[in-house]
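Input: a single structure, listed below in structure tokens.
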Amino acid sequence: MIAVIVFILMFFQNIQSTELKSNQHNVANSNVDSEVVASVGNIEITMEEFKLNYEFGPVFTKKLNNSKEKHLNYMLNEKLFALEAEAIALDTTRQVLNFLSTINSDLATDELYKDEIFSKVEILDREIDSVIVRKSTDVKVKWLFSESEFEINSLDLKLKSGIPFDSLFYQQYKSKKEIDSKELKTSRYLLGKNTPGLGKIVDTLENKKYSKPTLMEDGYYIIYLENFNHQPILTETDYIRLKTEATDAVKMMKMNSISDKYVDRLMTFNEPIIRSTAFRILRSYLSNYILKKELYEQWSLQKKMDEALAELDNKSKSDISKLLLVKMKSTEVTISQFLEWFWLRDQYIKFDHSSLEAYTLSLKDIVFRMVRDDLLTNTAKEKGYFESDVVEKQFSWWREKVLSSAYKNYLRNTITVSSDEVAPHEGNEKDRNIDIESEYTAKLFRTIQKLRKKYPIVIHKDILDNIIVSEEENPSAISLYTVKKGGLIPRTPYPTIDSDWANWE
């Protein structure tokens with residue numbers, strides 16, 4: 001949903017699922033976590049940063065001998081890249097600056113939500129117990145469906161006349177695909193979470209009973225409860241797991257409710273209005289990149305662009321990127337500002353291509369999502385969250401991670417451009433790509449060796465040895481990849497080493 005919501009739940013879930021000790025991630029209250037594990041140049045890696053990087057990082061280092069030492073070594077490589085990226089001024093490039101600005105805003109809004117959303121959540125024991133019961137209850141439901149009220153009432157009359165539900169069910173649905181799409185076996189909790197309306201109907205039914213015809217969003221349903229079975233909780237471990245899941249579920253539900261109201265108030269107060277002409281220009285411009293050519297032509301989007309441009313005066317036409325896209329009480333958004341926001345997230349954004357109308361609505365939703373992000377960022381600035389110690393500390397970690405990635409991209413691009421370094425393979429593109437990748441790996445290795453001579457590295461092995469982690473030197477360690485979605489930008493909760501370092505082992 002909103003920035004901190006998913007972050008907080010995923011943070012706690014990750015700790016619980018890996019069975020960390022209760023004090024292991026209590027970084028805010030521990031002076032020990034500020035101790036320096038290692039330094040490279042003017043960058044220090046504290047115990048806190050190392051633990052978070054390790055726990056949320058890829059699983060491969062947890063399987064190796066000397067797990068912590070290996071993980072730290074790859075962290076040091078990335079810090080070297082960050083230092084060199086700064087040395088060659090990659091930190092001043094527009095792409096890096098835009099991404100860092102977004103990360104900084106996301107961190108600040110996380111803190112805003114911790115204070116204004118998470119702090120207001122109160123959880124009662126009876127709410128947790130209710131979820132535990134629903135999570136340990138299995139249900140199997142089937143349904144008869146029709147878009148026609150007359151047809152569903154006809155089916156209801158047949159049921160009342162004594163025709164068994166299954167007889168009508170298998171008369172109406174004959175193929176396995178149809179049958180599978182009209183029955184569901186799940187827990188009562190997931191049923192209510194994924195289809196709340198269906199869950200409420202099931203709560204009114206007894207085993208082997210059916211509901212009266214009910215209108216839902218897409219048509220009319222008669223629901224049949226084939227099985228309702230409460231599974232006993234057999235062990236203390238099962239109970240602890242269910243209680244943890246139930247607590248997280250109640251937190252999520254309450255935070256979603258509070259955050260929705262918070263954002264609704266913010267949007268209502270600022271009264272965002274999308275300007276029609278600018279929006280139509282934006283729609284056609286973006287469509288040229290994200291739509292298939294056939295749809296672009298079928299929907300006459302070039303013509304619609306020309307019509308919108310004709311509505312502008314000469315001054316506005318001279319710099320379309322500065323056109324006002326959204327007007328609000330206290331601020332505004334231009335086409336250029338929206339595009340900068342969009343291109344940082346385009347791989348995560350989905351459009352509805354079923355019709356021009358649906359596509360237009362999905363783009364409007366995305367514009368309003370950008371407006372929401374902008375308003376949250378401004379609110380966090382006004383309340384001083386950008387200057388908080390937590391934000392400044394985590395931003396320094398993210399800055400080094402982003403610069404490291406920028407430097408690796410820089411090295412890769414030098415390989416691509418200097419293609420004469422790669423042996424030709426008479427048009428065999430697959431072999432050529434393998435050669436480029438091999439040369440890139442070799443260049444990375446040479447660069448690391450050079451940078452380790454340029455920047456002094458100090459490792460405090462005694463401090464590293466005393467760090468307690470959840471998994472270490474375990475060949476059977478399980479990969480748990482956590483992504484924080486729903487905030488200003490999708491990302492891992494904390495910076496971690498790249499998973500492709502596994503190829504170096």
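Annotations for the structure displayed:
- Spin-label model distance (nm) - K160 vs E297, 7 Å beyond Cα toward Cβ: 5.7 nm
- For the pair the stretch 325-352 and the stretch 126-168, the centres of their Cα atoms are 43 angstrom apart.
- Counting only protein chain heavy atoms and rolling a 1.4 Å probe, the accessible areas of S321, S287 rank, largest first, as S321, S287.
- Where labels lie 7 Å past Cα in the beta-carbon direction, separation of N288 and S276 in nm: 2.4 nm
- Using every pair of distinct Cα positions in the chain, the Kirkwood expression returns a hydrodynamic radius of 27.4 angstrom.
- Candidates H353, S318, W343 compared by Cα position along the dipole of the stretch 313-378: farthest toward the positive end lies S318, with charges placed on Cβ.
- One chain, two ends: V59 and K450. Fully extended at 0.36 nm per residue, the span grows by 138.0 nm beyond their Cα-Cα distance.
- Contact order normalised by residue count of the chain, Cα under 8 Å, 6+ apart, percent: 34 percent
- The share of accessible area on the chain that comes from carbon and sulfur is 51 percent, using a 1.4 angstrom probe.
- Dipole magnitude for the chain: computed about the Cα centre from +1 point charges on Lys and Arg Cβ and -1 point charges on Asp and Glu Cβ, it is near 860 debye.
- For E473 and M253, the FRET efficiency from 1/(1 + (r/R0)^6), where r spans their Cβ atoms and R0 equals 30 Å, is about 0.15.
- Accessible area per residue was computed with a 1.4 Å probe on protein heavy atoms; W341 scores about 20 Å².
- Net charge contributed by nearby residues that have their C-beta within less than 15 Å of Y170 (K/R +1, D/E -1): +1
- Theoretical gain in end-to-end length, D319 to I463 [0.36 nm per residue, Cα-Cα removed]: 46.1 nm
- For K329 and S181, the FRET efficiency from 1/(1 + (r/R0)^6), where r spans their Cβ atoms and R0 equals 51 Å, is about 0.60.
- Residue-normalised accessible area of the stretch 231-347, expressed per residue, 1.4 Å probe, Å²: 60 Å²
- Amide H within-cut-off set for R275, under 5 Å, with H built and near neighbours excluded: V326, K327
- Taking every full run of DSSP H in the chain, the ones that stretch at least 24 Å from end to end by Cα along their long axis and average -0.5 or higher on the Kyte-Doolittle scale are 356-382.
- Dipole axis of the chain (+1 Lys, Arg; -1 Asp, Glu on Cβ), positive-most option in I415, S161, A308: S161
- Computed [θ] at 222 nm, helices only, for the chain once each DSSP H run of length n ≥ 4 contributes -39500 (n - 2.57): -18500 deg cm²/dmol
- Violating pairs (Cα-Cα greater than 22 angstrom) within the set K63/K454; K327/K381; K142/K176; K293/K350: K63/K454
- Taking the charge dipole of the chain about its Cα centre, with +1 at Lys and Arg Cβ atoms and -1 at Asp and Glu Cβ atoms, the residue from A249, T334, V202 reaching farthest to the positive side is V202.
- The A358 and I88 beta-carbon pair, evaluated with R₀ = 35 Å, returns a calculated FRET efficiency of approximately 0.15.
- Look at where the Cα atoms of the stretch 185-227 and of the stretch 46-118 average out, and the two centres are 46 Å apart.
- Order of exposure, largest accessible area first, which applies to K182, K177 with probe 1.4 Å: K177, K182
- Sequence-distant aspartates and glutamates (8 or more away, or on other chains) whose Cα lies within less than 17 Å of K158: E149, D166
- What you get for the stretch 262-327, charging only the Cβ of Lys and Arg (+1) and of Asp and Glu (-1), is a dipole of about 100 debye around the Cα centre.
- Exposure check, 1.4 Å probe, all protein chains in place: V40 carries approximately 0 Å² of accessible surface.
- Q337 versus V121: modelled label distance in nm, points set 7 Å from Cα along the beta carbon direction: 3.1 nm
- Both numbers refer to the Cα atoms of the stretch 57-196; Rg and Dmax are 28.3, 83 Å.
The values are calculated or read from the model by the stated rules, or taken from the named source; none is laboratory data. Just so it is clear, the structure is predicted and the values come from calculations on it, not from any experiment. We place every Cβ from the backbone using ideal geometry, glycine too, and count neighbours over all the protein chains shown. Heads up: the accessible areas ignore ligands, DNA and RNA and are worked out on the full protein's heavy atoms, side chains in. Shrake-Rupley method; radii C 1.70, N 1.55, O 1.52, S 1.80 Å.
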